[in-house]
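Asks: This is the structure, below, for whatever I ask next.
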Amino acid sequence: SQTIHQWPATLVQPVGSPLSLECTVEGTSNPNLYWYRQAAGRGLQLLFYSVGIGQISSEVPQNLSASRPQDRQFILSSKKLLLSDSGFYLCAWNPLDRGANYGYTFGSGTRLTVV
Amino acid sequence: QKEVEQNSGPLSVPEGAIASLNCTYSDRVSQSFFWYRQYSGKSPELIMSIYSNGDKEDGRFTAQLNKASQYVSLLIRDSQPSDSATYLCAVPSGSARQLTFGSGTQLTVLP
């Protein structure tokens, strides 16, 4: 069966510090991968998605970046965090070879607080 | 800009009642629709998907889709306190089937 791992679960970082969040998927190949952010009391905002190794699409311009160095690994990074980067970061995947009628599976999320 | 709108809530219902959650979407070509449940502090969990006009039932959950009206709803029968959560409607679009989510409706089931 497929599983998605996301870490760390919680993170407190000072303003201006770097960030690296990692997400890996097991039990599948060639997944579509996604990074979302959910600010406190707000909806889910799509940040990045990837349909293959090295292929990254950005939905929202900001000081975050994403990379996909391996088929089942998706990394979210920042060189210098802002207070506004605080939120709940969620990684998700769905199968590349299924039709549109297949929803995402989310990881357990990383709660980031920038202080 | 594709939009997904949900009734703002919060919604409170007594235990055993039917909870009705509603969602409208702007993209007429959307073909599939998803309902996610998110408990406080947790990640969203897929609970229902629907692709065809009409009703789809899964246990106590029924999803209803009306493509002509661009409207999708979720009914929860015999609501339980454990159903208390935020319910998110989502619609896919784009080459990678990116999901656009509504802002969510917070449901509280009162014992």
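The values are calculated or read from the model by the stated rules, or taken from the named source; none is laboratory data. Worth saying up front: this structure is predicted, and the values here are computed from it rather than measured. Counting neighbours? That spans all protein chains shown, and the Cβs are built from the backbone with ideal geometry, glycine included.
Asks: Is it the case that B:Asp58 is within 14 Å of another protein chain (Cβ to nearest Cβ) and among the acidic types (Asp, Glu)?
Replies: Answer is yes for this residue.
Asks: Condition test on A:Gly87, is it within 11 Å of chain B (Cβ to nearest Cβ) and surrounded by 15 or more Cβ atoms within 10 Å (Cβ to Cβ)? Give the derivation first.
Replies: Details: within 11 Å of chain B (Cβ to nearest Cβ): no; surrounded by 15 or more Cβ atoms within 10 Å (Cβ to Cβ): yes.
The answer is no for A:Gly87.
Asks: Now for a separate question. If a residue counts only when it is free of Cβ contacts under 8 Å to residues at least 40 places away in the same chain and within 11 Å of the chain's Cα centre (by Cα), which strands (runs of 3 or more DSSP E) contained entirely in chain A have at least 3 such residues?
Replies: A:44-52, A:64-70
Yes/no per residue for (1) of a type in the set (Phe, Trp, Tyr); (2) surrounded by fewer than 16 Cβ atoms within 10 Å (Cβ to Cβ); (3) without any contact (Cβ under 8 Å) to a residue 24 or more places away in the chain; (4) more than 24 Å from A:Arg37 (Cβ to Cβ):
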residue	(1), (2), (3), (4)
B:Tyr36	yes, no, no, no
B:Tyr39	yes, yes, no, no
B:Gln64	no, no, yes, yes
B:Ala68	no, yes, yes, yes
B:Leu74	no, no, no, yes
B:Arg77	no, yes, no, yes
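Asks: Give the residue, chosen from A:Val60, A:Val115, A:Val15, A:Val25, that is aliphatic (A, V, I, L, M) and buried (at least 16 other Cβ atoms within 10 Å of the Cβ).
Replies: Testing whether each residue is aliphatic (A, V, I, L, M) and buried (at least 16 other Cβ atoms within 10 Å of the Cβ) leaves just A:Val25.
Asks: Is there a residue in the stretch A:11-18 that is within 14 Å of another protein chain (Cβ to nearest Cβ) and hydroxyl-bearing (Ser, Thr, Tyr)?
Replies: No, every residue in the stretch A:11-18 fails to be within 14 Å of another protein chain (Cβ to nearest Cβ) and hydroxyl-bearing (Ser, Thr, Tyr).
Asks: Anything in the stretch A:29-52 that is within 14 Å of another protein chain (Cβ to nearest Cβ) and either surrounded by fewer than 14 Cβ atoms within 10 Å (Cβ to Cβ) or over 20 Å from A:Ser108 (Cβ atoms) (or both)? List them, or say none.
Replies: Taking the stretch A:29-52 and keeping what is within 14 Å of another protein chain (Cβ to nearest Cβ), we get A:30-52.
A:Asn30, A:Ala39, A:Ala40, A:Gly41, A:Arg42, A:Val51, A:Gly52, listed by residue number.
Asks: Here's a follow-up. Take the residues in the stretch B:85-97 that are closer than 12 Å to A:Gly103 by Cα and surrounded by 22 or more Cβ atoms within 10 Å (Cβ to Cβ), then tell me which one is modelled with the lowest pLDDT.
Replies: B:Arg97
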